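Structure record follows, encoded as structure tokens.
Readers should treat all values here as calculations from the given coordinates under stated rules, not as data from a laboratory. Everything numeric here is computed off the predicted structure, so don't read it as measured data. Cβ sites come from the backbone with ideal geometry, for glycine too, and all protein chains shown count toward neighbours.
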Amino acid sequence: MDSDKGTSVDQERLRRHRRIRRVKRWMKYLPRRAAVHRQPVLKYFASTIRKRAYLWSFRTKEAIPALYAGWVLTLLPVMSCQIFLACVAAIIFRANVVILVALQLVSTPFTVPFLWYIDYKVGQFVLHLLHIDTWTIIQEVYTHAGELTQHFSKVGLVGHKFFRWFITTSIGGVLLGLPCGVLSSFFYRRFCSRHSARPKEKSPAKEDKAPSNPPPP
């Protein structure tokens with residue numbers, strides 16, 4: 001019985017170490033508090049990021065906003081400045097910067113065309129459903145711009161189409177990012193509650209240790 005119990009404890013400890021090693025392999029591509037000054041973009045915010053402890057906390061209070069903001073940001077058509085915006089969003093929403101940056105890896109040069117196409121179709125469907133015309137929005141922006149109207153009018157048809165595409169894709173990205181945030185936050189809460197409720201295992205060495213003050217004869 002004791003040997004079987006010791007074997008099961010050793011197997012559980014081995015599985016736990018394997019999970020830790022797997023997580024460490026994943027984390028080496030993500031920002032770390034001790035090495036944030038060596039990150040390509042984050043090094044410019046190293047002093048600001050390092051002294052804010054909540055940016056490195058994985059509690060639900062900091063992780064849930066990071067999941068929402070991270071999913072919305074990774075689906076927006078802002079691929080060239082995602083890491084910078086992730087740092088700004090982490091400070092504004094007091095969210096975990098590691099989760100925010102990790103979610104930006106979803107949008108890669110290989111996945112962006114597919115993601116942006118879905119974003120555009122979703123945004124187009126919602127705008128059509130609400131009877132909102134993006135051309136009208138752009139014209140109102142130009143009209144209220146005042147002195148800048150003449151400058152904006154030089155953009156031409158290509159610029160107008162780009163603004164229309166950007167607005168429609170951004171709306172679709174927000175509408176898709178929020179459900180992804182809801183779903184991922186649900187699983188994150190389940191994961192945290194499951195592991196926090198797991199009882200701590202006693203070490204076999206401590207169980208077999210003789211009492212320090214044996215009873216008198």
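A few notes on this one:
- Each of Val182 and Phe162 was given a label point 7 Å from its Cα along the Cα-to-Cβ line. The distance between the two points is 3.5 nm.
- Whole-Hz ³J(HN,Hα) from phi, Karplus 6.51 cos²θ - 1.76 cosθ + 1.60, for region 178-194, glycine and proline x: 5, x, 5, x, 4, 5, 5, 5, 4, 5, 5, 5, 4, 5, 5, 5, 5
- Taking 0.36 nm per residue of separation and subtracting the current Cα-Cα distance, fully stretching the chain between Leu175 and Arg52 would add 41.3 nm.
- Projected label distance in nm at Ser8 and Thr136, using a 7 Å step from Cα toward the beta-carbon: 6.8
- For region 73-79, Karplus couplings with θ = phi - 60° (6.51, -1.76, 1.60), whole Hz, Gly/Pro x: 5, 6, 9, 7, x, 9, 4
- Taking 7 Å steps out from each Cα toward its Cβ at His128 and His17 produces label points 5.8 nm apart.
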